[in-house]
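These notes concern the structure reproduced below.
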There are 2 protein chains.
Amino acid sequence: MMWDEIGKKIAKEIEKEIMSYYGRKDKSYIVGKSPSGDKTEIFDKISEDIALKYLKPLNVNVVSEELGIINNESEWTVVIDPIDGSFNFINGIPFFAFCFGVFKNNKPYYGLTYEFLTKSFYEAYKGKGAYLNGKKIKVKDFNPEDITISYYPNKKMDLEKLRNKIKRVRIFGAFGLEMCYVAKGSLDAIFDVRPKVRAVDIASSYIICKEAGALITDKDGNELKFELNATDRINVIVANSKEMLDIILELL
Amino acid sequence: MMWDEIGKKIAKEIEKEIMSYYGRKDKSYIVGKSPSGDKTEIFDKISEDIALKYLKPLNVNVVSEELGIINNESEWTVVIDPIDGSFNFINGIPFFAFCFGVFKNNKPYYGLTYEFLTKSFYEAYKGKGAYLNGKKIKVKDFNPEDITISYYPNKKMDLEKLRNKIKRVRIFGAFGLEMCYVAKGSLDAIFDVRPKVRAVDIASSYIICKEAGALITDKDGNELKFELNATDRINVIVANSKEMLDIILELL
């Protein structure tokens, strides 16, 4: 089976099992804590277990939000966030996704981010372009008069200055999925410099954004590097253009 | 026919006609300008025309985003926003709704806000409670350690101070629909003090929020009053509690 087939199979099975929990705080409960300290709820666990059912027989390395790392000394590493946007999911906010990033010898190979509610498969194989449900996507052309961004700033940042340069703010609370909104041209940029984002949040959408033409950097504007683990918190900027990136860098 | 039946019939017919435009900037085009100066796109026009097809034979007054006011000297006034969140809709951001507010002698009587993508009917008759798809909803209990809000601030406001008091920010860009997220307890509060919001944006969700137990005020903390027209821009705060409201008022 190809990686896209495996990823989509897992995504659809997770969808089938967990959508009855959407917006149902009353039905969910906490079953543990993730390696990075977040609470694991039952629907996170169900989702991760489904992913593992498919991945374990492949003897690949797995990095996942809830369990951390399974190291099988494989050349393949699959980095997943079973539910990107858990808070949204259980609180009835329609922004959450399954994130499935495949790395070969630690290099991006394939990414799939599946938005359950709109049944949107965002995906990309390295070097082959980015797609939304099979249709090619790319970042939006930069227009300084019409900027829409999402952000997770740190306390030092002058938000007022930033807001003076942009037209609209959207903050959805699911970083991996929001990256796909940059990839398809709905947002101009997104950044997290608190930093709170981890590899599991960005691994799948990283490839999708790259293939859609986005720039992805750290907070100094250097090409982003990240380790494939579930604990490091990293600064990430994703922008549709050098001009957009410079606006953000200038304020950091 | 009852108002809820009329509202839902319109909502479902709009859904049928416009969903093929979702995320399709390439398919849409501008057909005019609304009384408050926003661009009217073809899908806005299609939606409004469907609403008018049902409302005109009733000889009621109509206030709508695109056309302004039809005054039939009726005791009934129906205030609609055919697509709350037009930018989101056409840019493939899954957060937009149909807003249908009914007033009798200018007093709130019935409100329906329909979220197309999740097929959610938020509704309320005055004095009868607020419902999401027939299930009673109410605002969230206030917990100072776990505040999630949406906001549209003015330039004077100290955002950093605000952000220090809250745990999460979500900004979806469709005020009427976001009000329903306060009503169902997904958000603690939302406010617009730019101000950019108009009666057409809030008329339906106003009744829903009231019936769900929310406080709705102007920027001085006084009970909100608004005229039923499509042009006035008003300051609005919607909060789940007095404590939440006070946190916002203190910073304005």
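Each reported figure results from applying straightforward, stated rules to the coordinates on display, with no laboratory input. Note that this is a predicted model, so its numbers are computed, not measured. No Cβ is skipped: glycine too gets one built from the backbone with ideal geometry, and neighbour counts run over all protein chains shown.
Taking B:LYS107 as the anchor, which lysines have their alpha carbon closer than 19 Å to its alpha carbon, excluding any fewer than eight residues away along the same chain?
The reachable lysines, counting only those whose Cα sits under 19 Å from B:LYS107, are B:LYS126, B:LYS128, B:LYS210, B:LYS225.
In vacuo Debye scattering of the protein assembly as shown, one point per C-alpha: log10 I(q)/I(0) at q = 0.06, 0.11 Å⁻¹?
-0.27, -0.92
Which far-off residues, 5 or more places away or on another chain, put their amide H under 5 Å from the one on B:GLU41, with H placed in the peptide plane?
Close amide H contacts, sequence-distant or interchain: B:VAL31.
Antiparallel versus total DSSP beta bridges in region A:148-250: what percent is that, nearest 5?
Values: 8 of 14 bridges.
Around 55 percent of the beta bridges assigned by DSSP in region A:148-250 are antiparallel ones.
At q = 0.09 Å⁻¹, what log₁₀ I(q)/I(0) does a Debye calculation on the Cα points of chain A give, no solvent, two decimals?
Those come out to -0.36, one per q.
Pull out a ≥ b ≥ c, the square roots of the eigenvalues of the alpha-carbon gyration tensor of region A:109-179, then state rounded if a/c is under 1.5, prolate if not and a/b is larger than b/c, and oblate in the remaining case.
prolate
Is region B:143-189 rounded, prolate or oblate when judged by the Cα gyration tensor, a ≥ b ≥ c being the square roots of its eigenvalues, rounded requiring a/c under 1.5 and prolate requiring a/b larger than b/c?
Oblate shape, in that a/c is at least 1.5 and b/c is the bigger or equal ratio.
Can you list which of the chymotrypsin sites (Phe, Trp or Tyr not before Pro) found in region B:1-110 are DSSP loop residues with at most 11 other C-beta atoms within 10 Å?
B:TYR29
Express in whole angstrom the spacing between the alpha-carbon centres of region B:112-176 and region A:165-233.
26 Å
Of A:LYS135/B:LYS27; A:LYS184/B:LYS16; A:LYS156/B:LYS161; A:LYS156/B:LYS140; A:LYS119/B:LYS16; A:LYS242/B:LYS155, which sit over 20 Å apart, Cα to Cα?
As for pairs spanning more than 20 Å Cα to Cα, those are A:LYS184/B:LYS16; A:LYS156/B:LYS140; A:LYS242/B:LYS155.
Taking Rh as the Kirkwood radius, which is the inverse of the mean 1/r over Cα pairs, what is the Rg/Rh value for region A:148-250?
In region A:148-250, Rg relative to Rh is 0.92.
Looking at chain A, which longest stretch skips every one of the trypsin sites (Lys or Arg not before Pro) that is in a DSSP loop with at most 16 other Cβ atoms within 10 Å, leaving the sites themselves out?
A:28-118
Is region A:3-137 rounded, prolate or oblate when judged by the Cα gyration tensor, a ≥ b ≥ c being the square roots of its eigenvalues, rounded requiring a/c under 1.5 and prolate requiring a/b larger than b/c?
Taking the square roots of the gyration eigenvalues as a ≥ b ≥ c, region A:3-137 is oblate.
Using modelled backbone amide H atoms (1.01 Å from N, in-plane), which distant-in-sequence or interchain residues come within less than 5 Å of B:GLY221's amide H?
Here the answer is none, since no amide H 5 or more places off falls under 5 Å of that of B:GLY221.
What are the lysines whose alpha-carbon lies under 17 Å from the alpha-carbon of A:LYS33, with same-chain residues fewer than 8 places away excluded?
Within the straight-line limit of under 17 Å, A:LYS33 reaches these lysines: A:LYS45, A:LYS196.
Between helix B:3-18 and chain B, what is the angle of the helix's C-alpha long axis to the longest principal axis, kept within 0 to 90° and rounded to the nearest 10?
80 degrees
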